[in-house]
1. Of the conditions (1) within 30 Å of Ala265 (Cβ to Cβ); (2) surrounded by 17 or more Cβ atoms within 10 Å (Cβ to Cβ), Asp371 clears all except one; give me its number.
2. Restricting attention to the range 21-30, does a residue exist that is within 24 Å of Glu520 (Cβ to Cβ) and either modelled with pLDDT under 80 or outside any helix (DSSP H, G or I) (or both)?
3. Scan the range 443-457 and tell me whether some residue there is modelled with pLDDT of 75 or more, of a type outside the set (A, V, I, L, M) and more than 36 Å from the chain's Cα centre (by Cα).
4. Those residues that are of a type in the set (A, V, I, L, M, F, W, C) and at pLDDT 85 or above, I need them from the range 503-538; list them, please.
5. Can you tell me which residue is surrounded by the fewest Cβ atoms within 10 Å (Cβ to Cβ) among those in the range 83-108 that are over 16 Å from Leu128 (Cβ atoms) and modelled with pLDDT under 80?
6. Got a sec? Which helices (runs of 4 or more DSSP H) wholly within the range 234-286 have at least 3 residues that are modelled with pLDDT of 90 or more and closer than 19 Å to Trp309 by Cβ?
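The values are calculated or read from the model by the stated rules, or taken from the named source; none is laboratory data. Everything numeric in this text was worked out from a predicted model, so none of it was measured. Positions of Cβ are generated from backbone atoms using ideal geometry, with glycine treated the same way; all protein chains shown enter the neighbour counts.
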Amino acid sequence: MSNNKPDKGMGFIIGASSVGTLIEWYDFYIFGMLATIISKQFFPEDSGTSALLSTLAIFAAGFIVRPFGALVFGRLGDKIGRKHTFLLTLVLMGGSTFAIGLVPGFKTIGWAAPILVLILRLVQGLALGGEYGGAATYVAEHAPANRRGYWTSWIQTTATLGLFLALGIILLIRQGQGIEKFSSEWGGWRYPFWISLLLVIVSIIIRMKMSESPMFAKVKAEGKTSVNPLKESFGHRANFKMVLLALFGAVMGQGVIWYTGQFYAQSFIENICKVNFSESRNMLLIAILLATPFFVIFGSLSDKIGRKWIMLLGMLLGICTYFPIYKCFIKLTSASNKTAMVDFAKTTKSEPIATIDGKDKKKMLVAVKYDTAYTDGAKFTYTKTDTIHFTADYTGNTTSVGYLLAKKDDPTLSDTFIVKAKTIAGITRPEGITFTKVEKKSAKPGVVIEKSLDNKTFWWMVLLIFVQVVYVTMVYGPMAAFLVELFPTKIRYTSMSLPYHIGNGVFGGLVPFLGTLIVEFTKSEQHPGGDPLAGLWYPIGVAILCVVIGTIYLSNKINTDVMD
């Protein structure tokens, strides 16, 4: 069959395009899903919140370079073809992902660890910058004009399904290994990176069987391919105007809605609401599974009523409801709002564990963990930490530490306390107790470190995430068809890829990092927790700007003729 016509049905075209894109999104998102563990493996143990912020910054770096990938691979796609270009991006993406799983931790190679991971993340970002434009363009150029929104919406599901696949594999491995083994330096958290190589090989075999896009093949056969796609895309005023309109009128709003509804929601539930790892991921898995069909529903609907108003309505709903939704997250998971009674029969308390302060040897932190069970099945895990101030630097190295403290009711008498020293991997202490003199004790209020929710609260949380993912499907489902219809065939790959990856990679990809950073800026001595909702101002502000520009300047007319 001639190269000018697709020799495969739309089912194969969608499947072959989607499987590679799905795998690339999977590769990209396992890093974000494992950010908390990665921050502990590739940065010093005592870095605290700064390690998480640094990890999120590395994650964001992969998004920031996506526009550069769009320029590099978009140019290749418009010169040599769609098929070969996104074969190349797939190999780069899979190889860099596999390599991240091989980088030793900070304890082994020091600061070389985060530097290597950053470099590999940049390669990931460059590759992803060339993937989406190729897949979306390839499908759109095969699709019938009156079903373009429907067929391209299947490509739109791949980002969410890639996230779903990443979550599923991570949870499966973690459940099989347990949290301690999974989180160790060479534990199961690395397996999803290694599995990527197998998935990429399967995808390459499938994509090798694909033929070139019929529209691009026709343009190439007629000798009308672009000599300089970058110059034609951004050097011509009319086309550059459409690039800017696509970015500021649609894609940047879509980007922040996408990453708020899925990534920021997960980060918020885990880090602010303190819901445990498995439950926070399970909520997202269920919500994504239930909402994914809406990509196709809204994509198909856009073929009938146009793309513009569906996308802008999704943004507007996010603007109006994010604050109420995230307030509900806090309220639903707050111990002060629980109506169930504490189940004392199932509530447990750990033995005290002592840790000598790494910077001040005159301080010892004594932590006790409380698993507070409730009659509705919920369990909130607290840690209560007391600081013991010694009269001199602690020099002991035995398995236990002993000290005396005056009794509260009679200061003339003392109580003797013996606490176990924290176990440190690779260090064996001699059995025994080192007694030391104490100057004073200062106590801190208990801190919730993890929550297991009751069934009712769990499903309310799923519903609230589901609502946000539906917003995602509204803004993202029609997006590929919208972008394809803006630009001519010979520069389409380049022209649509750049605004897409700036909107998603820069504006959207920075949501988890900037949201967390904004909350950090609101913290003070009077309010150590800061304003947990402050991070929402960034995506809401971007979405408002996009709705205003899109309402004024975007057209709702469907361009049925894209063969130009």
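1. So the condition that Asp371 fails would be (2).
2. We begin by selecting, within the range 21-30, every residue within 24 Å of Glu520 (Cβ to Cβ); these are 29.
If we keep only those that are either modelled with pLDDT under 80 or outside any helix (DSSP H, G or I) (or both) too, we end up with 29.
Scanning the range 21-30, I find at least one residue that is within 24 Å of Glu520 (Cβ to Cβ) and either modelled with pLDDT under 80 or outside any helix (DSSP H, G or I) (or both), so the answer is yes.
3. Within the range 443-457 (the criterion being modelled with pLDDT of 75 or more, of a type outside the set (A, V, I, L, M) and more than 36 Å from the chain's Cα centre (by Cα)), the answer is no, since none of the residues qualifies.
4. Scanning the range 503-538 gives Phe507, Val511, Leu514, Leu517, Ile518, Val519, Phe521, Leu533, Ala534, Leu536, Trp537.
5. It comes out as His84.
6. On the way: elements: 237-246, 252-259, 265-271.
The helices (runs of 4 or more DSSP H) meeting that bar are 252-259.
For every residue, the table says whether it meets (1) of a type in the set (A, V, I, L, M); (2) exposed (fewer than 15 other Cβ atoms within 10 Å of the Cβ).
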| site | (1), (2) |
| --- | --- |
| Asp303 | no, no |
| Tyr326 | no, no |
| Lys331 | no, yes |
| Ala345 | yes, yes |
| Ala354 | yes, no |
| Lys359 | no, yes |
| Leu365 | yes, no |
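Residues are listed down the side, and each one gets a yes or a no for (1) outside any helix (DSSP H, G or I); (2) surrounded by 16 or more Cβ atoms within 10 Å (Cβ to Cβ); (3) within 24 Å of the chain's Cα centre (by Cα):
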site	(1), (2), (3)
Phe513	no, yes, yes
Thr516	no, yes, yes
Gly530	yes, yes, yes
Ile549	no, yes, no
Ser555	yes, no, no
